[in-house]
Amino acid sequence: MKYDFDTPVNRRGTASLKWEVGEKELPMWVADMDFETAPEIKEAMMKRAEHGVFGYSVIPDEWYEAYVGWWKDRHGFRMEKDWLIFCTGVIPAISSMVRKLTTPAEKVVIQTPVYHIFFNSILNNGRQVLESPLHYDGREYEIDFSDLEEKLSDPQTSLMILCNPHNPTGNLWNKETLLRIGELCEKHHVIVVSDEIHCDLTDPGCEYTPFASVSKACRENSVTCIAPTKAFNIAGLQTAAVVIPNEQLRHKVWRGLNTDEVAEPNAFAIGAAEAAFTQGGGWLYELRKYIKQNRETAIAFIEENIPGIKPVTSHATYLMWLDCSRLTDDAAKLAELVREKTGLYLSAGNLFGGNGAGFLRMNLACPKSVLMDGLNRLQEGASAWKAF
């Protein structure tokens with residue numbers, strides 16, 4: 001393997017959100033990786049830093065070309081340069097679109113359990129969350145289309161936030177599923193905002209389908225949020241993009257992003273994205289293999305040693321959704337006890353809505369030695385819970 005994913009990186013004392021924890025605690029909660037980013041990105045950042053002047057930045061043609069080329073070559077989706085707008089992050093963009101594309105008290109549909117910050121983007125802006133719970137069969141999740149259409153047909157529903165691939169379940173929505181979502185949203189005049197930030201973090205051999213690539217209805221009635229930040233572990237550089245093929249919708253989104261002042265890059269945001277999408281392919285290929293190995297290791301360990309917990313089937317993201325319903329119907333209490341007894345810090349599923357109260361979310365994007373430490377702590381915590 002050309003790149004080193006085995007050597008732990010000490011992130012303590014670096015003002016890391018993830019690692020601002022107790023000395024003996026192990027954080028495996030928030031979705032950032034414990035790997036150094038691709039050397040090609042580091043080199044680009046060092047070259048930019050050596051220049052020594054960090055004034056206001058513009059968005060050059062090379063940034064657009066990097067995005068267009070990556071999506072065409074890797075995902076078979078041809079974007080036009082004019083469809084792309086820079087933004088500082090996917091969540092700032094989603095919050096901006098909630099404000100710009102809906103009016104106060106209108107409803108926004110989300111498919112729960114889902115990334116919990118979606119709730120914040122909706123509620124903090126005076127709109128209503130309308131959950132369409134995913135159906136769980138004890139092994140994996142699927143969309144309840146009867147419920148989804150009922151929620152989309154509500155006259156107060158004006159927006160749907162789609163998570164593709166899905167966080168936290170790791171679902172890869174196929175073309176037929178996305179087509180059906182697009183047809184329902186067009187039928188009921190509901191705009192789709194598709195968060196596709198995890199799209200490059202799929203198992204080797206498993207590819208995601210861009211929502212806007214599926215049909216004309218999907219393309220013309222959607223905004224897609226994309227970024228190199230999850231796949232290349234550069235979230236702190238605040239670099240992302242939105243893709244809007246429909247000209248009228250694009251103008252509204254552009255106006256909202258600029259009004260909210262989240263459409264201007266910092267001095268490192270452009271170069272990082274360019275380096276990721278033009279030079280980072282080899283690193284990402286090896287990363288995906290490593291994460292898949294970590295997932296397989298975790299599944300085998302849990303199945304053999306922690307009978308009360310069951311991993312949900314997943315082929316995307318580096319997050320594992322753990323079914324703890326045989327232990328508890330309140331994962332927040334379980335997560336609290338596990339952290340107290342073992343120092344392992346996981347995300348409680350209660351935050352994600354739907355049936356999340358019976359689940360924990362575990363971040364697998366770390367060296368194998370760290371993963372094994374976390375799994376042993378999880379086993380210890382599950383035993384402590386049973387004895388509690």
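The values are calculated or read from the model by the stated rules, or taken from the named source; none is laboratory data. Because the structure is a prediction, the values reported are computed rather than measured. Methodologically, a virtual Cβ is constructed for each residue, glycine included, from the backbone with ideal geometry; neighbour enumeration extends over all protein chains shown. Areas reflect the complete protein model, heavy atoms only, side chains present, ligands, DNA and RNA absent. Shrake-Rupley method; radii C 1.70, N 1.55, O 1.52, S 1.80 Å.
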Legend entry - Enumeration of residues in region 367-388 that are without any contact (Cβ under 8 Å) to a residue 12 or more places away in the chain and within 27 Å of the chain's Cα centre (by Cα): Asn376
Inset, instruction - Within region 321-339, track down each residue that is crowded, with 23+ Cβ neighbours inside 10 Å and touching a residue at least 60 places away in the same chain (Cβ under 8 Å). - result: Trp321
Inset, instruction - Mind telling me which of the residues Asn350, Asn294, Asn363 ends up being within 19 Å of the chain's Cα centre (by Cα), closer than 23 Å to Lys18 by Cβ and free of Cβ contacts under 8 Å to residues at least 60 places away in the same chain? - result: Asn350
Legend entry - Options Arg326, Arg288: the member that is assigned to a loop (DSSP other than H, G, I, E, B), modelled with pLDDT of 95 or more and basic (Lys, Arg): Arg326
Inset, instruction - For region 189-199, state whether one or more residues are in contact (Cβ under 8 Å) with a residue 60 or more places away in the chain, within 22 Å of Lys72 (Cβ to Cβ), surrounded by fewer than 21 Cβ atoms within 10 Å (Cβ to Cβ) and not β-branched (Val, Ile, Thr). - result: no
Inset, instruction - For Ala357, indicate whether it is out of contact with any strand residue (DSSP E or B) (no Cβ under 7 Å at 6 or more places or on another chain), at pLDDT 95 or above, open to solvent by less than 10 Å² (accessible area, probe 1.4 Å) and of a type in the set (A, V, I, L, M). - result: no
Inset, instruction - Return the residue satisfying two criteria in turn: it lies in region 73-93 and is open to solvent by 80 Å² or more (accessible area, probe 1.4 Å) and not in a helix (DSSP H, G or I), and of such residues it is nearest to Ala267 (Cα to Cα). - result: Glu80
Legend entry - Scan of region 46-70 for residues that are open to solvent by less than 30 Å² (accessible area, probe 1.4 Å) and either closer than 14 Å to Gly280 by Cα or among the β-branched types (Val, Ile, Thr) (or both), ordered by number: Ala66, Tyr67, Gly69, Trp70
Legend entry - Residue in region 15-22 that is closer than 30 Å to Thr169 by Cβ, surrounded by 21 or more Cβ atoms within 10 Å (Cβ to Cβ) and either in contact with a Lys or Arg (Cβ under 9 Å, 6 or more places away or on another chain) or of a type in the set (S, T, N, Q) (or both) present: no
Inset, instruction - Select from region 361-388 the residues that are polar (S, T, N, Q) and part of a helix (DSSP H, G or I) and write down the one among them that is surrounded by the fewest Cβ atoms within 10 Å (Cβ to Cβ). - result: Ser369
Inset, instruction - Write out, first by first residue and then by second, each pair whose Cβ atoms fall under 8 Å of each other, whose residues are 6+ apart or on separate chains, and whose first residue, in region 256-268, is buried (at least 19 other Cβ atoms within 10 Å of the Cβ) while the second is in a loop (DSSP other than H, G, I, E, B) and small (Gly, Ala, Ser). - result: Leu257/Ala263; Val262/Gly89; Pro265/Ser57
